[in-house]
1. 222 nm [θ] for the chain, helices only, -39500 (n - 2.57) per DSSP H run of 4+, per residue, to 500?
2. Could you calculate the contour length gain from ILE20 to MET5, that is, 0.36 nm times the residue separation minus the distance between their Cα atoms, to one decimal place in nm?
3. To the nearest 0.05, how large is the calculated FRET efficiency for VAL96 and LYS33 if R₀ is 25 Å and r is the Cβ-Cβ distance?
4. Straight-line reach from LYS128: which lysines have Cα under 16 Å away, leaving out those fewer than 8 places along the same chain?
5. Please work out which option in [x] 47; [y] 42; [z] 63 gives percent of Cα pairs over 20 Å apart calculated from these coordinates, and answer with its label.
Amino acid sequence: MLELMIAKYNYWIYIILMMIGFYAMIAKNNLIKKVIGMNIFQTAIILFYISIAFKKDGATLPILTAADVHAAHDAINTAQYINPLPHVLMLTAIVVMVATLGVALAIAIMIYRKYHTLEEDEILKVLK
């Protein structure tokens, strides 16, 4: 059991990062700390998806040259190539993450200008 846990250490790192981010979003009262927790959570998810797309057995990029196409009379063995789709999707997720971070920080600035605090409890007291 311990050998399996050590062999899959990267998954444990992602779980720990996700729990740190989740804890920051749920337990902290400061809005900036919540935004940082959300960013840590999103980063853990992106790292997870990139790691599961990796192949250890010497796989290469799925770029075929003209010689490869002419030499391959039968079906191409797809196990020899890395799937680029998870990487492309995670590039999109990074763009969304940065945009979400920017919007969240802009909203935090507007909240601070209006309520002169970033503490959630104090903002809720003023709103009641």
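1. Working: 6 runs with 92 residues, N = 128.
Computed ellipticity for the chain at 222 nm equals -23500 deg cm²/dmol.
2. Values: separation 15, 0.36 × 15 = 5.40 nm, distance 1.96 nm.
Separation in residues times 0.36 nm, less the Cα-Cα distance, equals 3.4 nm.
3. 0.75
4. The reachable lysines, counting only those whose Cα sits under 16 Å from LYS128, are LYS114.
5. [z]
No lab work stands behind these numbers, since they all come straight from the coordinates. Keep in mind it's a predicted model, so treat the numbers as computed, not measured. Note that each Cβ is placed from the backbone with ideal geometry, even for glycine, and that neighbours are counted across all protein chains shown.
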